[in-house]
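In what follows, a structure is listed as structure tokens, so that the remarks can point back to it.
Quick note: the coordinates plus some simple rules give every number you see, no bench work behind them. The model shown is predicted, which means the values in this text are computed figures rather than measured ones. Neighbour counts are summed over all protein chains in view; Cβ atoms, including those assigned to glycine, are modelled from backbone coordinates with ideal geometry.
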Amino acid sequence: MPTKVEGWKSEAYGNEVREHILEFAEEGWDAIPEDEHDAWFERFKWWGLYHQRKGQESYFMMRIGTPNGVLEPGQLEVVADVADEYASGPVDNPEFGGAVCDWTTRQSIQLHWIKLEDIPDIWEELEAVGLSTQQACGDSWRNIVGCPVAGKDTEEFIDAWPVAEELNERFKGNEEYSNLPRKWKVSVTGCSEGCGQGDINDLAFEPAVKEIDGEEVKGFNVRVGGGLARKEPRFARSIDVFCTPDEVGDVAGACSALFREHGDREDRFNARIKFLVDEWGTEKFRRVLQEDFVDFELRSAGEDLRDEYTYNAGDGEHGDHVGVHEQPDGNYYVGLGVLVGRMGADDTRELARLADEYGSGEVRITQRQNLIVTDVDSDRLDAFLDEPLLEDYSPDPHPFMRGSIACTGTEYCSLSIVETKNRQVRYARWLKENVEVPAGVEDFHIHLSGCTASCAQPQIADISLRGMKTRKDGEPVEAFDIGLGGGLGENPQFADWVEMRVAADEVPGYIENLLAVYEQRRRDGESFREFIARHDEDDLNGLAEPEETSYEDPYMHNTKMTWYPYADEDDMSASPAPTNGQGDPLPSDD
Amino acid sequence: MVTSVHQLDDGAWVSVNDSREVNVSDLWQLARSDFCGCERADFLAEGFVEVSAAAGRVEARIAGRCIVCGEEGVTDWLELGRADPEAGEFRSVVPESVHVPDRRRRLATPE
Ligand code: HEM
Ligand code: SF4
Ligand SMILES: [Zn+2]
């Protein structure tokens, strides 16, 4: 039997939902029939609107999809303006203030506290400069990710940006693919470093070369079925297909049509394509694709570049895109560390101004929640680097600040178990002040996710943190499972979970102790990842001890039980939600 | 009225008559359960897997972990609360008090 969500989707989904949202916005929150809330909020996702968690009713997270993370000149300024005007809640966040922008691990933008009544104006402002929230959430083609410096990279094998652009053009708003069984995440990589993170996407195009009619042709190999969620992480698997850049669109369409027809619509927990690939195997996948979904002969895979991949590979060579790098045209791109991917609206506007003044105005979002200013003139590079804003968003951040990623967590997210971003900021600061960085480590990846959905991609970090609970002196407190040994590169690896249910205030002490063990016992030139890889799971268990330190954690109590973790009056019953278009509480009917 | 229940957002919460009523991240005390070897499991709810309601009684099977022993899995059926069959209003059980999961769904009609 199809799920309830499938039932709602079959009644209304996709493009048509926009008209309904506009009507509801016109009339206000109460216009959404009370017994249709669940159905409508499920449909709203397709237009990038996600109802925030309990205690924050009537407020939405709004996601803007920026293909390949590219913000064209003029767009970032509008994002800042929209955040400033519409994305403040009833209470400020103590670390970040009021209106903020979140840069996400899938190269998108998230704004919070969006009110239904403001959505039409926001869309108008965003769409006037070519930005869109369409299909940013929901069951369809999500934002397409890739190497964030596509077209600007000296290590580029093939420019993937036009390919990603074409896919975006073709599959955004396309009715044929607008109602899939589940989300559909696509990655296109053109560089030889593997920065597109194809391995953890539903569909991945990865650089390859193949001899066709006696000529070496550059293009892409195809992998399917990657993903991290629900304690069922999978790397995407090769289906032995090569396509030229011109063929990518047809092959991608065929793969998503196959998913549309064969994905599981009766059990959303089993719906992602990774489970179909598990069930069928890659040979059957390829056979069905060939027989039923394309009308041309699929080519066999070409020779890939995976043995050159250095991105997030653990050796510090090309772990991220932070820093100053020359582009093929002699200009520079400057990658800036944005701690946990969150930036205030004012800083965002200032960065937009700097990008305009020193570069082309273009800014790009990375899959590590950082920003890149591209096309900086070589003559003006030093002046740009002297700008005061770059003290906070540094091209040369401390290794612990540089490598920290965190998801949304209990601040807004229904699925969360623990507080995330503010805590990770405090972890990074404490580590910076108290822990010596082991020699040679420039970039230390700590990924913190508030639950098993794994939005912060915890399984591919040096230190993996996943939200949990434990008891301390009998009282429930927020905690983490700690994993080690994850990363991408030629031989991608998911973390082994080695310390379970560590109280959140003992995590920094654990990391300190672990790094001391590494410093003591590492072999000559051995990277942290190699050091961990040398140990088996039994050895990793107990390799270091969790410990209380001078680190203090204000979020040990169960932040999910508050209406907003940082409010003075944080009790669920103190919530002002739901509110009207002015943010005033609506009378409740019970 | 018929009680309408479903899990949403990947099992993050249970909706009863279009109102968000039960959330993940609570600790449930489970007694006499097969979930793990503990006499009383201290169970962290991480996701609602199946929900059902009849005669106003709302039940679910929940994925999560016992934070005493570390066992992971899905519980048998647990009562989440009751919805008033007339007004539809939901009264939740208190997760921290002791619950006894039931192997079989006691209800005739799944939702
Ligand atoms: C309201 C906030 C959010 C909610 C409710 C949410 C929900 C989810 C869920 C349910 C999953 C599991 C997906 C599945 O297998 O289908 C997931 C995975 C993921 N989300 Fe989020 N998410 C949120 C915010 C974010 C943010 C802020 C980011 C980026 C920083 C993000 C990026 C991802 C990624 C990369 C994955 C995991 C990879 C995968 O399995 O494909 N999400 N999210
Ligand atoms: S990992 Fe979990 S807590 Fe974090 S944003 Fe994703 S769904 Fe929410
Ligand atoms: Zn137990």
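Descriptive notes on the structure:
- FRET efficiency, 1/(1 + (r/R0)^6) with R0 51 Å, evaluated for A:ALA574 and B:VAL74 via beta carbons: 0.90
- Shielding of A:37-50 by partner chains, average beta-carbon count, 10 Å: 2
- Dipole magnitude for segment B:5-99: computed about the Cα centre from +1 point charges on Lys and Arg Cβ and -1 point charges on Asp and Glu Cβ, it is near 160 debye.
- Across the options A:VAL209, A:ALA87, A:LEU116, the greatest Cα extent toward the positive end of the charge dipole of chain A (unit charges at beta carbon of Lys, Arg, Asp, Glu) belongs to A:VAL209.
- In a reduced charge model with +1 at each Lys and Arg Cβ and -1 at each Asp and Glu Cβ, chain A shows a dipole moment near 1680 debye about its Cα centre.
- Exposure proxy ranking for A:CYS255, A:CYS451, B:CYS69, based on other Cβ atoms within 10 angstrom of each Cβ and starting from the fewest, stands as B:CYS69, A:CYS255, A:CYS451.
- Computed E for B:ARG103/A:ARG471 - FRET, C-beta separation, R0 41 angstrom, nearest 0.05: 0.90
- Here the sum of -39500 (n - 2.57) over DSSP H runs of 4 or more residues, divided by the residues of the protein assembly as shown, equals -6500 deg cm²/dmol at 222 nm, to the nearest 500.
- Each peptide in A:369-376, B:22-29 receives the mean, over its residues, of other Cβ atoms within 10 Å, and ordering these scores from highest gives A:369-376, B:22-29.
- Amide H contacts of A:VAL477 (H built 1.01 Å from N, in plane; Pro and chain starts excluded): A:THR470, A:ARG471, A:LYS472 sit under 5 Å, all sequence-distant by 5 or more or on other chains.
- Once the chain from A:GLU155 to A:SER360 is taken as fully extended at 0.36 nm per residue, the excess over their C-alpha distance is 71.7 nm.
- Extending 7 Å from Cα along the Cβ direction at B:VAL93 and again at A:HIS20 yields two label points whose distance is 3.4 nm.
- Filtered GluC sites (Glu not before Pro), segment A:436-486: DSSP coil and at most 15 other beta carbons within 10 Å: A:GLU436
- Neighbour-limited loop hits for chymotrypsin sites (Phe, Trp or Tyr not before Pro), segment A:266-301 (at most 13 other Cβ within 10 Å; DSSP other than H, G, I, E, B): A:PHE296
- Near A:VAL70, the amide H atoms lying under 5 Å from its own belong to A:ILE365; only residues 5 or more places off or on other chains count, and H is placed 1.01 Å from N.
- Proximal charge balance of A:VAL425 [Cβ under 9 Å; K/R count +1, D/E count -1]: +4
- The mean count of C-beta atoms from other chains within 10 Å of the C-beta of residues in A:306-313, rounded to a whole number, is 0.
- Residue exposure sequence - A:THR104, B:THR3 - by fewest surrounding Cβ within 10 Å: B:THR3, A:THR104
- Peptide A:560-567 shows a mean partner chain C-beta count of 1 within 10 Å per residue C-beta.
- For the listed peptides B:42-52, A:568-578, a ranking on the average number of other beta carbons within 10 Å per residue, highest first, reads B:42-52, A:568-578.
- Sparse-neighbour loop sites [trypsin sites (Lys or Arg not before Pro); segment A:214-272; at most 16 other C-beta within 10 Å; DSSP]: A:LYS231
- Span from the segment A:512-590 Cα centroid across to the segment A:226-276 one, whole angstrom: 32 Å
- In this structure, the amide hydrogen of A:ASN580, modeled 1.01 Å from its nitrogen in the peptide plane, lies closer than 5 angstrom to those of A:LEU586, counting only residues at least 5 positions away or on a different chain.
- For the pair segment A:424-486 and segment A:49-84, the centres of their Cα atoms are 26 angstrom apart.
- Using a Förster distance of 51 Å, the FRET efficiency for A:GLU215-A:GLU175 (Cβ separation, nearest 0.05): 0.85
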